[in-house]
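> There's a structure below that I have some questions on.
The values are calculated or read from the model by the stated rules, or taken from the named source; none is laboratory data. This is a predicted model, so every value here is computed, not measured. Note that each Cβ is placed from the backbone with ideal geometry, even for glycine, and that neighbours are counted across all protein chains shown.
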């Protein structure tokens with residue numbers, strides 16, 4: 001055993017904390033036995049794994065509070081105490097659910113992030129009113145991290161017109177926000193304007209090894225890094241798309257790293273970016289929590305060879321025609337026909353991976369008739385709300401055309 005490893009293991013055996021320099025200019029990793037690794041951010045030690053509260057466990061139409069309580073308890077026991085919610089998450093139930101679960105813990109023992117629901121606001125006076133509502137739902141007196149939610153080409157002017165930043169800065173000065181930031185789903189050009197315009201403590205970007213090039217995540221990351229703005233990562237597994245890999249993509253992973261799960265590989269890839277302070281995972285059950293926490297207890301930095309394999313897997317996925325949808329459901333908020341757009345795209349993507357005509361037809365027909373693609377009236381409201389800038393009506397038409405082909409094949 002090398003001398004450095006001996007010293008570290010000795011400290012950990014005594015229950016102490018070791019600060020490990022990751023090298024290559026990367027931020028220091030803080031390790032403690034039985035706990036997820038952390039990184040230093042200002043006056044906080046942030047777990048490198050954060051709990052994204054967008055896909056909570058469900059019991060029918062309601063949040064499964066018993067399962068959520070078990071998940072949060074396991075997180076707290078293992079140092080994964082960063083929770084990221086938002087006004088509209090889980091049909092506007094996420095904040096309330098998290099408030100009920102977190103109230104049994106001391107406020108200083110967990111880190112809570114929330115976001116401003118721009119679609120609910122028409123004037124500056126709305127900002128504080130809704131902010132206070134969010135505090136009440138979450139049963140807290142302040143937010144550690146608070147964001148202008150979903151800045152993009154359609155929302156940025158609204159944020160500026162209602163003076164969102166100025167009002168949130170006032171709330172920060174009052175001690176109700178510790179760190180002020182924004183989440184972003186726009187173009188690099190808009191991002192440059194956002195970071196040039198105001199002073200931000202952090203930002204939240206969609207970063208994963210598929211979107212790194214596909215939706216210019218790399219360019220966005222470089223823009224904020226140049227400004228010295230730390231990043232919290234959303235969609236590191238691309239809405240589950242990097243967990244359910246195609247056979248060819250999975251083969252590439254397993255032939256190189258047979259003991260690695262797709263989830264662990266994707267999370268570690270996102271966490272390896274040197275300007276990242278936490279990686280959010282939208283966990284839906286205790287099993288996922290345990291797997292992800294173990295990944296960050298046993299955390300290993302990505303090697304150059306692993307980075308190369310990630311790029312190869314990305315190219316495999318792209319070659320199979322996957323629709324770049326992360327299932328955020330923002331499109332469904334504005335669809336006048338109630339089309340289940342994320343489900344349609346997920347079924348189509350899986351079909352493109354498996355090429356199983358029969359299963360595509362079967363699963364597609366499990367959607368209610370009024371949720372299916374043929375109901376699209378091409379109003380284009382979904383396009384304006386899509387963080388990925390997808391041409392949704394055209395893609396829906398493509399899926400419908402593919403479905404009809406499968407129907408015709410079955411009839412022959």
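> Can you tell me which residues in the range 276-320 are closer than 21 Å to residue 239 by Cβ and without any contact (Cβ under 8 Å) to a residue 60 or more places away in the chain?
287, 288, 291, 315, 319
> I'd like the full set of residues that are over 22 Å from residue 132 (Cα atoms) and either surrounded by fewer than 20 Cβ atoms within 10 Å (Cβ to Cβ) or touching a helix residue (DSSP H, G or I) at 6+ places or on another chain (Cβ under 8 Å) (or both), limited to the range 173-193. Full working, then the answer.
Let us first name the residues in the range 173-193 that are over 22 Å from residue 132 (Cα atoms), namely 184-193.
Scanning the range 173-193 gives 184, 186, 187, 188, 189, 190, 191, 192, 193.
> Quick one: is residue 226 surrounded by fewer than 15 Cβ atoms within 10 Å (Cβ to Cβ), in contact with a helix residue (DSSP H, G or I) (Cβ under 9 Å, 6 or more places away or on another chain) and at pLDDT 95 or above?
Working: surrounded by fewer than 15 Cβ atoms within 10 Å (Cβ to Cβ): yes; in contact with a helix residue (DSSP H, G or I) (Cβ under 9 Å, 6 or more places away or on another chain): yes; at pLDDT 95 or above: yes.
In short, yes.
> Something else about it: In the range 62-93, what residues are part of a loop (DSSP other than H, G, I, E, B) and modelled with pLDDT under 95? Working first, answer last.
Of the range 62-93, the ones part of a loop (DSSP other than H, G, I, E, B) are 64, 78-81, 85-88, 93.
Correct list: 88 only.
> What number of residues in the range 140-168 are touching a residue at least 60 places away in the same chain (Cβ under 8 Å) and either within 28 Å of residue 383 (Cβ to Cβ) or not assigned by TED's automatic domain parsing to the domain that holds residue 97 (or both)?
Step one: list which residues in the range 140-168 are touching a residue at least 60 places away in the same chain (Cβ under 8 Å), which gives 144-145, 149-150, 152, 154.
Retained after the next criterion (residues that are either within 28 Å of residue 383 (Cβ to Cβ) or not assigned by TED's automatic domain parsing to the domain that holds residue 97 (or both)): 149-150, 152, 154.
Residues in the range 140-168 being touching a residue at least 60 places away in the same chain (Cβ under 8 Å) and either within 28 Å of residue 383 (Cβ to Cβ) or not assigned by TED's automatic domain parsing to the domain that holds residue 97 (or both): 4 in total.
> Now for a separate question. Looking at residue 393, is it closer than 23 Å to residue 211 by Cα and either assigned to a loop (DSSP other than H, G, I, E, B) or in contact (Cβ under 8 Å) with a residue 12 or more places away in the chain (or both)? Talk me through it step by step, then tell me what you get.
Details: closer than 23 Å to residue 211 by Cα: yes; either assigned to a loop (DSSP other than H, G, I, E, B) or in contact (Cβ under 8 Å) with a residue 12 or more places away in the chain (or both): yes.
So residue 393 fits the description; yes.
> Condition (residue is in a strand (DSSP E or B) and either under 24 Å from the mean Cα position of the chain (by Cα) or under 19 Å from residue 386 (Cα atoms) (or both)) applied to the range 155-170: is it met by at least one residue?
First, pick out the residues of the range 155-170 that are in a strand (DSSP E or B): none.
There is no residue in the range 155-170 that is in a strand (DSSP E or B) and either under 24 Å from the mean Cα position of the chain (by Cα) or under 19 Å from residue 386 (Cα atoms) (or both).
> Now for a separate question. Determine which single condition residue 186 fails, assuming it passes every other condition in (1) free of Cβ contacts under 8 Å to residues at least 12 places away in the same chain; (2) in a loop (DSSP other than H, G, I, E, B); (3) in contact with a strand residue (DSSP E or B) (Cβ under 7 Å, 6 or more places away or on another chain).
(1)
> Also, I was wondering about something else. If you take the residues in the range 347-380 that are at pLDDT 95 or above and part of a helix (DSSP H, G or I), which one is surrounded by the fewest Cβ atoms within 10 Å (Cβ to Cβ)?
Within the range 347-380, the match that is surrounded by the fewest Cβ atoms within 10 Å (Cβ to Cβ) is 374.
> Now a separate question. Take the residues of the range 194-220 that are farther than 14 Å from residue 279 by Cα and touching a strand residue (DSSP E or B) at 6+ places or on another chain (Cβ under 8 Å): which is surrounded by the most Cβ atoms within 10 Å (Cβ to Cβ)?
First pass over the range 194-220, keeping only residues farther than 14 Å from residue 279 by Cα: 194-201, 210-220.
Those still in the list that are touching a strand residue (DSSP E or B) at 6+ places or on another chain (Cβ under 8 Å) too: 194-195, 200-201, 215, 217, 220.
Values: 194: 24, 195: 20, 200: 20, 201: 18, 215: 20, 217: 22, 220: 26.
Among them, the one singled out is 220.
> Counting just the residues of the range 381-390 that are touching a residue at least 60 places away in the same chain (Cβ under 8 Å) and in a helix (DSSP H, G or I), which one comes out surrounded by the most Cβ atoms within 10 Å (Cβ to Cβ)?
Per the criteria, the residue is 385.
> Filter the range 242-275 down to residues that are free of Cβ contacts under 8 Å to residues at least 12 places away in the same chain and in a helix (DSSP H, G or I) and give me whichever is farthest from the chain's Cα centre (by Cα). So that I can check it myself, show each step before the final result.
The initial filter retains those residues of the range 242-275 that are free of Cβ contacts under 8 Å to residues at least 12 places away in the same chain, namely 251, 254-255, 258-260.
Add one more test, that the residue is in a helix (DSSP H, G or I), and what stays is 251, 254-255.
Working: 251: 25, 254: 25, 255: 28 Å.
Taking the candidates together, the pick is 255.
> Then there is this: Considering every residue within the range 240-263, establish whether at least one is assigned by TED's automatic domain parsing to the domain that holds residue 184, surrounded by fewer than 20 Cβ atoms within 10 Å (Cβ to Cβ), out of contact with any strand residue (DSSP E or B) (no Cβ under 8 Å at 6 or more places or on another chain) and on the phi > 0 side of the Ramachandran plot.
Yes, the range 240-263 contains at least one residue that is assigned by TED's automatic domain parsing to the domain that holds residue 184, surrounded by fewer than 20 Cβ atoms within 10 Å (Cβ to Cβ), out of contact with any strand residue (DSSP E or B) (no Cβ under 8 Å at 6 or more places or on another chain) and on the phi > 0 side of the Ramachandran plot.
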